[in-house]
Amino acid sequence: MPTDIGDSVSGMTSQASTAATMWTVLAPLLLALLAAPAAALAGSFRAGWAAGVGGVLAAAAFGATVWGWSAGGGAINVPWAPTLDLRLALSLDGLAALYALLATGIGFLVVIYSSRYMPLHLEHQHRPRSQEASFYAFLLLFMGSMVGLAMAQDLILFFVFWDLTAIASYFLIGYDRHEAKSRRSALMALLVTGITAVLFLIGALLLYARYDTFSLPALIVQARPDATLTLGGGLIAAAGLAKSAQVPLHFWLPRAMAAPTPVSAYLHSAAMVAAGVLLLGRFFPLLQKSELLLDGLFVVGTLSMVVGGIIALTRDVLKQVLAYSTISQYGYVVVLYGLGGKYGAVGASFYVLAHGVAKSALFLTAGAVTEVTAETRLSRLGGLARQMPVLAVASASAAAGIAALPLTVGFFKDELFFAAALERGWGYAALAVAGAGLTIAYIGRFWSMIFLGRRRSEPRPLPARLVAPVALLGLLVVIGGIAVGPFERLAEMAGSVSYGEAAEVSLAYHFDARPENLMALGAYALGALLLFLRPAWIRAAEAFSRLGERLGPERWYSLTLDGLNRLSDIIHAMEVRDLRSRVATILVPCAVLVGAGLLATPIEGAYAVGTVALGDLPLILVLALVAIAAVAVTRPANHLTLALVLSGVGYSLAVVYAFLGGPNVALVAVLIETVLALVFLGVLSLLPREVLEHRELEPEGGSRWWRDPLVGIIAGVFAFAVVWGVLSRPSPIESVALVQTRLTPDAHAKDVVTAILADFRGLDTFGEITVLGIALLGIATLIQGGRVWQQRY
């Protein structure tokens with residue numbers, strides 16, 4: 001074959017390969033992101049169509065993820081905003097595949113479950129079915145954002161998807177917006193996860209300032225253990241810990257149970273809280289370079305594991321038990337990352353996978369039980385296994401998976417947990433056994449109090465669509481316990497990404513006396529003992545729970561929020577009093593911030609004092625006239641006099657521009673001041689004379705006689721200091737004014753002022769006219785609506 005033909009064929013093959021890789025990566029993300037608008041559009045025609053369209057696209061996204069992972073994954077990296085060093089960097093690696101499969105797979109089952117649950121939910125609340133469309137839109141928006149978050153390899157792109165999950169979760173948690181509890185819970189989740197998202201952004205900017213890149217793979221290669229890495233990585237990890245509801249920022253998750261059950265099953269077991277540990281897994285190659293950060297993860301994870309487990313044992317509401325158990329279970333994942341090593345990285349990924357499947361089934365079980373019994377408390381349930389055998393068996397499989405019993409996929413999550421703890425020593429192993437025993441106790445209590453014992457309620461018939469997703473998830477838990485291979489390979493690929501190198505584990509049943517088996521037997525015995533001796537420790541656990549309610553972080557959150565609300569009320573009362581107060585609330589904080597900046601900045605040589613020549617005297621006199629006119633504006637009570645004196649300031653400044661060699665700017669200033677004076681006079685002529693006379697005769701009361709001059713002096717002094725400093729030390733880089741002057745001929749203008757006024761200001765004015773037109777249309781519609789309402793009522 002000739003060389004040129006061979007090169008052509010090779011190039012075509014390379015292009016085809018690149019295109020295939022691009023679609024391998026983009027297909028799951030595009031299908032997931034398309035699901036939300038498609039469901040909303042379908043729901044706008046008919047409410048029931050939203051679930052069908054959303055379910056089909058969620059299933060398609062799941063299939064595309066499986067296909068992409070089977071094909072070997074891939075990555076794309078194209079410029080997004082090159083001047084800001086931002087790129088659309090996406091990778092379908094093992095970690096992305098794991099979380100994308102969870103988000104799309106469980107998302108699909110939750111949509112199927114919701115197709116029956118949400119009509120019943122809306123019917124109970126006497127709400128129209130048309131509100132279903134918004135539910136599926138936000139649920140699927142979260143799914144798409146989660147897939148994007150899993151694939152993102154650029155810190156800013158990661159932050160964009162991170163914030164999208166926060167927005168979607170806010171609307172989902174607050175879906176029952178007519179209830180104050182739902183609104184408060186949504187706000188709490190948004191504040192906790194939103195404020196900590198800012199910490200992520202600060203950490204990303206710190207790393208960018210140090211290493212000059214937002215690319216995560218590049219950061220992993222370049223970063224070295226130092227203070228910047230510890231601080232930036234700590235801020236990023238804090239955002240992840242808050243999202244995964246870890247102590248002390250765990251209190252938002254139990255409150256978020258005010259959301260409909262499908263939201264809890266999806267967001268709070270397999271998606272939103274999973275996003276937090278996804279962040280830890282994605283950034284773990286950076287975090288593991290700092291021993292301090294690993295120790296911090298271990299401490300936080302241990303506290304979450306213990307606190308969440310103890311409180312779960314005291315709760316009576318179904319979803320509250322599961323919420324605190326989720327805090328505890330994700331504490332295990334954080335502990336695994338804190339332990340580090342091969343078993344820690346792979347174990348964390350396997351734990352997320354096994355927990356997501358099993359816990360989603362238990363949340364859906366809670367919703368199904370509440371729907372058919374109208375009961376939300378364990379103490380009012382019991383004996384339902386005879387009426388709901390399929391649901392009882394399926395949820396038993398899920399509960400056994402959480403408890404890590406043999407023949408479930410959960411057995412292997414604890415095997416990896418025990419192996420990681422043993423690598424660090426027997427003290428860590430003892431702690432792992434205690435945590436596993438605590439899990440068995442609260443999950444065993446949850447399932448047994450619903451399905452065993454005496455029946456305390458008479459259930460209605462259970463719809464099949466509320467059982468099928470639970471049955472499928474329970475079946476997956478058992479299949480994973482018998483044929484663990486696919487789960488193991490997925491966890492190994494995900495763990496290898498976090499660990500930074502190939503990480504392989506061997507998961508199988510071993511019928512011998514190895515330490516992991518002995519630890520599992522110890523955990524089973526401890527869990528059974530805790531259940532049997534519940535009367536002996538329940539009072540102490542309840543006292544611990546009450547202490548947390550009185551002195552814990554949720555109490556401090558409430559106090560802080562109340563204090564900020566009171567401060568806002570005080571400032572609002574000041575602002576609406578009069579225009580001077582409103583200006584003062586702007587100028588004083590500005591002066592404080594500028595003053596802090598001046599105090600923190602070296603000022604040696606920052607202020608230059610020049611010479612004054614005789615030729616400068618006319619300019620000085622005009623500037624003095626401007627100052628006198630500015631002071632004079634504060635004195636007149638007559639509105640006409642006030643308007644004329646105010647114009648004197650502008651006209652005096654026009655003379656200053658003329659002295660400085662800018663006649664064109666001076667003419668513009670004269671024009672603006674003339675128009676402004678005419679507008680003032682026109683407005684005054686339209687106002688009632690009685691109102692103007694009343695305002696002129698109104699005496700100055702309170703603190704205005706000293707407050708206004710003080711605010712003016714403070715603002716003026718700091719403005720003078722800033723302007724003096726800027727003029728004393730011109731910027732060492734080329735001014736944008738010089739660039740604009742050089743480009744003036746390209747705009748077909750003779751001077752830069754003309755170009756700015758004709759092009760930029762003209763375009764800006766066009767935009768302002770458009771905004772005013774829209775506002776006038778809105779006002780006219782509002783007035784017309786008010787007239788219709790008055791005529792009707």
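For this structure, a couple of remarks:
- Global geometry of the range 425-518, whether rounded, prolate or oblate, following the gyration tensor of its Cα atoms and the 1.5 cut on a/c: oblate
- One decimal place: the segment LEU529-VAL198 gains 114.7 nm when fully extended, by the rule 0.36 nm per residue minus the C-alpha distance.
- Amide H contacts under 5 Å for LEU86, placed H, 5+ residues apart: TRP80, ALA81
- Relative contact order [Cα under 8 Å, 6+ residues apart], the chain, whole percent: 9 percent
- Stretching ILE571 away from LEU205 to a fully extended chain increases their span by 128.5 nm, per 0.36 nm per residue minus the current alpha-carbon distance.
- The modelled label-to-label distance for the pair TRP23/ALA227, using points 7 Å beyond Cα in the direction of Cβ, is 5.3 nm.
- Rounded to the nearest 20 debye, dipole of the chain from Cβ charges on Lys, Arg, Asp, Glu: 2860 debye
- Residue ranges 22-32, 510-520 sort as 22-32, 510-520 when ordered by packing (mean number of other C-beta atoms within 10 Å per residue, highest first).
- Against the chain, whose longest principal axis comes from its Cα atoms, helix 617-632 is set at around 60 degrees.
- Peptides 224-231, 163-170, 80-87, ordered by how many other C-beta atoms sit within 10 Å of their residues on average, highest first, read 163-170, 224-231, 80-87.
- Span from the the range 150-228 Cα centroid across to the the range 443-473 one, whole angstrom: 37 Å
- Computed on the range 192-321, with alpha-carbon pairs under 8 angstrom and 6+ residues apart, the relative contact order is 27 percent.
- Dipole magnitude (debye, nearest 20) for the range 112-193, charges at Cβ of Lys, Arg, Asp, Glu: 300 debye
- Per residue, the accessible area of the range 377-437 comes to 34 Å², computed with a 1.4 Å probe over protein heavy atoms only.
- Given charges at beta-carbon only (K, R positive; D, E negative), |dipole| of the range 75-164 in Debye: 320 debye
- Per residue, the average separation of C-alpha pairs within less than 8 Å and at least 6 apart gives the range 562-682 a relative contact order of 16 percent.
- For the range 164-217, the carbon plus sulfur part of the accessible surface works out to 68%, probe radius 1.4 Å.
- Long-range lysine pairs (8 or more apart or interchain), the chain, Cα under 16 Å: 5
- Multiplying the residue separation of ARG489 and VAL683 by 0.36 nm and subtracting their alpha-carbon distance yields 62.3 nm.
- Here the Karplus relation 6.51 cos²θ - 1.76 cosθ + 1.60, evaluated at θ = phi - 60°, turns the backbone of the range 319-333 into coupling constants of 5, 5, 4, 5, 5, 5, 5, 5, 4, 5, 5, 6, x, 4, 4 Hz, with x for every Gly and Pro.
- Cut-off 14 Å between beta-carbons: net charge of the residues surrounding ARG46, Lys and Arg +1, Asp and Glu -1: 0
- Shape category assigned to the chain from the gyration tensor of Cα positions, a/c cut at 1.5: prolate
- Protection proxy ranking, highest mean first, for peptides 459-467, 256-264, 298-306: 256-264, 298-306, 459-467, where packing is the per-residue count of other beta-carbon atoms within 10 Å, averaged.
- Other residues with beta-carbon under 13 Å from the beta-carbon of SER185 carry, at +1 per Lys or Arg and -1 per Asp or Glu, a net charge of +3.
- Karplus 3J(HN,Hα) series, Hz, for the range 404-409 with 6.51 cos²θ - 1.76 cosθ + 1.60 (x for Gly, Pro): 6, 7, x, 6, 10, 5
- Distance between the C-alpha centres of the range 73-112 and the range 287-302: 26 Å, rounded to the whole angstrom.
- With the charge dipole of the range 348-424 set up from +1 on Lys and Arg Cβ and -1 on Asp and Glu Cβ about the Cα centre, the Cα lying farthest toward the positive end among the listed residues LEU381, ALA361, GLY401 is that of LEU381.
- Separation in nanometres of the label points that stand 7 Å from Cα toward Cβ, at VAL739 and ALA721: 3.1 nm
- Residue (of TYR428, GLY480, LEU391) at the positive-pole extreme of the range 343-497, dipole from beta-carbon charges: LEU391
- Folded to 0 to 90 degrees: helix 704-728 orientation relative to the chain principal axis, Cα: 90 degrees
- The angle between the Cα long axis of helix 426-451 and the longest principal axis of the Cα atoms of the chain comes to about 80 degrees, rounded to the nearest 10.
- Most positive-pole-ward Cα, ALA775, SER328, ILE586, against dipole of the chain from beta carbon charges: SER328
The values are calculated or read from the model by the stated rules, or taken from the named source; none is laboratory data. Small disclaimer: the values here were computed from a predicted structure and weren't measured. Note: ideal-geometry Cβ built from the backbone for every residue, glycine included; neighbour counts use all protein chains shown. What goes into the accessible areas is simple: the full protein's heavy atoms, side chains included, and nothing from ligands, DNA or RNA. Shrake-Rupley method; radii C 1.70, N 1.55, O 1.52, S 1.80 Å.
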